[in-house]
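Undergrad: I'd like to ask you about the structure that follows.
The values are calculated or read from the model by the stated rules, or taken from the named source; none is laboratory data. The structure presented is a predicted model; accordingly, all values stated were derived computationally and were not measured. Here the Cβ positions follow ideal geometry from the backbone for every residue, glycine too, while neighbour counts run over all protein chains shown. The accessibility values were calculated without ligands, DNA or RNA, using every heavy atom of the protein model including side chains. Shrake-Rupley method; radii C 1.70, N 1.55, O 1.52, S 1.80 Å.
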Amino acid sequence: MPRLDPPDEAIAAARRRWAEALEEGEAQPQFVVLHVGSCEPRKNIEAAIRAVALLARQRIPAALVQIGGVFT
């Protein structure tokens, strides 16, 4: 099994804030759009962003979660 490096402090801090918001009931999206992999054009991150925007226009709480890759 590959070794996983611990997250850098910015990622760890974001995870803590999200966990605290969930515990306090402040962050409760109905939908989570998960995008896995790089942000190369072939991965179509734009479609995931459009999906979250469409839900927002309909006043449906949603969150976009990007795993892997880096927005540039």
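Undergrad: Just to verify a result, which residue in segment 29-45, among those that are out of contact with any strand residue (DSSP E or B) (no Cβ under 6 Å at 6 or more places or on another chain) and not in a helix (DSSP H, G or I), is most open to solvent (accessible area, probe 1.4 Å)?
TA: GLN30
Undergrad: Can you tell me which residue within segment 46-64, out of those that are assigned to a loop (DSSP other than H, G, I, E, B) and exposed (fewer than 10 other Cβ atoms within 10 Å of the Cβ), is modelled with the lowest pLDDT?
TA: Here the answer is ARG59.
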